[in-house]
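Worksheet for the structure shown next.
The values are calculated or read from the model by the stated rules, or taken from the named source; none is laboratory data. A quick note: this is a predicted structure, and the numbers were derived from the prediction, not measured. Cβ placement follows ideal geometry from the backbone for every residue including glycine, while neighbour counts extend to all protein chains displayed.
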Amino acid sequence: MDAVIKQWPRGETLGGPLPDHVRNAPAPVEKRPSREEAEAAVRALIAYIGDNPAREGLLDTPKRVVGALDELYRGYREVPAEALARTFGETEAYDDFVLVRDIRFTSHCEHHMLPFYGKAHVAYRPVERVVGLSKMARLVDTYARRLQTQEHLTSQIAAAIDQVLKPRGVAVMIEAEHTCMTVRGVKKPGASTVTTHFLGTFNDNANDQLRFITLVRDPVKAPKEIG
C-alpha cells in the first residue's frame, strides 16, 4: 500500500480548520499543580476516608496513585488527529464501509471519577484513502483516557473521523458498564449503556445503518440490501 503522512493536527481540511478538540490536546489549567502537591492531595483523601496516610502500607500510596493517574489520563497529552494522520491510497476502488468491532476501552465518569468500560464499534465509508485499523483503537483510547460521559465520548470519536478523513459516512456505537451505578448508588451490576452516533450515509441511508448494527450484533445475518 501507498502510505502517506498528512499533517492534519495543525492544518485544514476541505471543510475548513479542524475543530480544536480534534487538532489539539486539551489546554492545561493555568497553573498545573506539581507532583508533590498532587501527592499531598492523595494523602488528604486517605485521611478524609478515615485511614492513616502515615502507616506503613500507605506510605507510598500517594506516589503510586499519581503515577496511575498519569497513565489513566494520558489522553490529556495526546492529539486525536495524529492517530489518523497515516492513510493508504491503494484501496482498489473499495466502495463499502470499513468496520472495526470490539475495541475495548476504559474511561472515567466525569461526575464521580469512577471507571466505565466496554467496547466501541467504529465504521466509516472511505473516499479514496483508508486509515490503518489500529489507528481507530488509538483514537478511541485518546478520548477515553480523559474524564468523560459516554455520550460525549461517542460523538467526539465520530466527529474526529468525519473531520479528518472526510469519509462519506461514519458510525460509532459504544456499549459500556458504569461503576458509578454498579458499585454505588443504585448498585445494578451488569447494567449496560448503549450510545450511537451516525453521520453522512449512516445517518441518511437505512441500509448502511442496519448493516452496521447487524454486523456489530450478528455478522452472519448482516444483509447486503434491505427491502
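Tabulated data for the structure shown
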item	result
Asp96 being farther than 21 Å from Leu18 by Cα and modelled with pLDDT of 95 or more	no
Options Val164, Val216: the member that is at pLDDT 95 or above and under 26 Å from Phe88 (Cα atoms)	Val216
Residue in the range 170-181 that is of a type in the set (Ser, Thr, Tyr) and either touching an Asp or Glu at 6+ places or on another chain (Cβ under 6 Å) or without any contact (Cβ under 8 Å) to a residue 12 or more places away in the chain (or both) present	no
Residue list for the range 183-202, filter: over 18 Å from Lys119 (Cβ atoms) and either assigned to a strand (DSSP E or B) or free of Cβ contacts under 8 Å to residues at least 24 places away in the same chain (or both)	Gly185, Val186, Lys187, Lys188, Leu199, Gly200
Candidate set: the range 112-150, residues that are part of a helix (DSSP H, G or I) and crowded, with 22+ Cβ neighbours inside 10 Å; chosen: the one farthest from the chain's Cα centre (by Cα)	Met136
Matching residues, the range 85-109, being of a type in the set (D, E, K, R) and in contact (Cβ under 8 Å) with a residue 60 or more places away in the chain	Arg86, Glu90, Arg101
Residues located in the range 25-64, provided they are at pLDDT below 95 and surrounded by 10 or more Cβ atoms within 10 Å (Cβ to Cβ)	Ala25, Pro26, Pro33
